[in-house]
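The values are calculated or read from the model by the stated rules, or taken from the named source; none is laboratory data. Here the structure is a predicted model, which is why all the values come from computation and not from measurement. Cβ placement follows ideal geometry from the backbone for every residue including glycine, while neighbour counts extend to all protein chains displayed.
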Amino acid sequence: MWTAIAAAWAACRAADARVVRGWVLGTLIVAAAGGTVYTYYRASYTHSRRLRVVTDGEFYRSGQLTASGFREAFRRYGIRTVINLQEEDRDPLLPEQWQGKPTVSESDVCKASGVKYVSLDGGALDEPNGFPGSRPAIIDEFLAVLDDKVKYPHPVLIHCKAGLHRTGLLTAIYRMEYEECTKPAAIHEMRANGFGTHDATDGNLYLEKLIFPFVPHERRK
């Protein structure tokens, strides 16, 4: 009897070991797959960070792309002018791919593809409390570029670092100026594209200084 019990116990221990080994192996496989998915996601995200169509064939928006991400956007959408809103980085060095070493400037990537590169004085978006009056200069600088289709041909791609706030604000200006979009609709679009419900409120200083006072088709003299 004791021999039978010992044999049964040994069989149970062997079965438990197989279960444990299977669980460990399964966990490792899931972890490896998850790591692969995450790596792919981060690479894809950085490559084409928030690249979105605003008006097909005319106006696009994004965050900071990689060098190859810009080239793909140029090919895919026929981009002719890039507007950079990063006052902290007027001509950033870009990696070719995610986690690559930055080796080429954004302006050089554009130049090599025959794309116009514009770095606006985005510093006007830095501190809303410091805005002079209700019409920050950045608005008219932005509209002047969009107006001059000979010097700055369309389609246009506008971007900042994340592609959320600075890009969202000036995209709203574009929509109201050139596409007769109402202020509520422009703000709704900002929220839908990541500006945030909390940020896109009446109390937000950027909205108070740029969006609410904006009058379409008015130019600073």
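Structure data summary
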read-out	value
Residue count, the stretch 151-189 (criterion: in contact with a helix residue (DSSP H, G or I) (Cβ under 9 Å, 6 or more places away or on another chain) and not in a loop (DSSP other than H, G, I, E, B))	22
Subset of the stretch 71-114 [over 27 Å from TYR174 (Cα atoms) and aromatic (Phe, Trp, Tyr)]	TRP98
Candidate set from the stretch 91-102 (those that are in contact with a Pro (Cβ under 7 Å, 6 or more places away or on another chain) and more than 15 Å from GLU72 (Cβ to Cβ)); member that is modelled with the highest pLDDT	LEU93
Yes/no for GLU58 being closer than 24 Å to ASP121 by Cα and modelled with pLDDT under 90	no
Pair list, Cβ under 6 Å, 6 or more apart: the stretch 166-193 residue assigned by TED's automatic domain parsing to the domain that holds GLN64, other residue among the charged types (D, E, K, R)	THR167/ARG61; THR171/ARG61; CYS181/ARG175; ALA186/ARG175
Filtered residue count, the stretch 68-90, keeping only those that are over 15 Å from the mean Cα position of the chain (by Cα) and modelled with pLDDT under 95	4
